[in-house]
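*Asks:* Here it is, the structure, as structure tokens.
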Amino acid sequence: MIQAQTLLKVVDNSGAKLVRCIKIKKGKSSAGVGDILLVSVKSLRPRYGRRVRLKMNKSEIHQAVVVQTRKLHRSKSGVGSSFGCNSVALISLQEKPIGTRISAIIPTRLRALKWAKLVAMARKTI
């Protein structure tokens with residue numbers, strides 16, 4: 001479960017590397033997979049080449065969707081899944097992804113939680 005002040009890894013190619021959770025939308029105290037967060041960018045990925053234009057700067061505020069958590073989630077069939085780190089994908093205010101690729105394995109249950117676009121961009125789903 002993710003709370004305020006948690007450091008999260010960004011798994012898309014938007015330009016951010018690490019973000020910190022500021023607030024969880026919908027007034028919850030903790031967030032799980034598929035929840036929307038308000039995050040601030042803490043570190044950026046290095047740029048390679050001069051033509052690469054960054055989509056964001058350090059200390060900017062964005063929205064993000066939780067795609068991986070370390071907390072074990074059990075499905076109705078009894079199979080559990082957890083990941084190695086807490087990860088997010090950044091989205092715009094219109095709830096569209098900022099990046100064009102997701103470089104991590106994400107759970108299939110995101111498709112049922114109205115994030116089918118993120119599942120389509122992912123490398124692999126579980």
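Taken together, the values in this text are just the output of simple stated rules run on the coordinates, not laboratory data. What you are looking at is a predicted structure, and each value in this text was computed from that prediction instead of being measured. We place every Cβ from the backbone using ideal geometry, glycine too, and count neighbours over all the protein chains shown.
*Asks:* What does the highest-first list of 17-24, 85-92, 119-126 look like by mean Cβ count within 10 Å?
*Replies:* Details: 17-24: 17.0, 85-92: 20.6, 119-126: 14.1.
Top to bottom by mean Cβ count within 10 Å: 85-92, 17-24, 119-126.
*Asks:* While we're looking at this one, here's another question. What 222 nm value per residue comes from the helices of the chain, counting each DSSP H run with n ≥ 4 as -39,500 (n - 2.57) and dividing by all residues, nearest 500 deg cm²/dmol? Intermediate values should be presented prior to the final figure.
*Replies:* Values: 2 runs with 10 residues, N = 126.
The helix contribution divided over the chain gives -1500 deg cm²/dmol.
*Asks:* With the alpha-carbon atoms as the only input, what is the per residue convex hull volume for the chain in Å³?
*Replies:* 108 Å³
*Asks:* Placing +1 at every Lys and Arg Cβ and -1 at every Asp and Glu Cβ, with all other atoms neutral, what dipole size does the chain have around its Cα centre, in debye to the nearest 20?
*Replies:* 260 debye
*Asks:* May I pose another question? Using DSSP to define loop residues, name the chymotrypsin sites (Phe, Trp or Tyr not before Pro) in region 47-126 whose beta-carbon has at most 11 other beta-carbon atoms within 10 Å. Each step should come with its number before you reach the end.
*Replies:* Details: sites: 48, 83, 115; in loops: 48, 83, 115.
Loop-located and lightly packed - 48.
*Asks:* Using a basic spin-label model with each label point 7 Å from the Cα along Cα→Cβ, how many nm lie between residue 42 and residue 116?
*Replies:* With each label point 7 Å from Cα toward Cβ, the separation is 3.5 nm.
*Asks:* Give, as ranges by residue number, the residues of region 1-43 whose backbone N falls under 11 Å from the point 7 Å along Cα→Cβ of residue 125.
*Replies:* none
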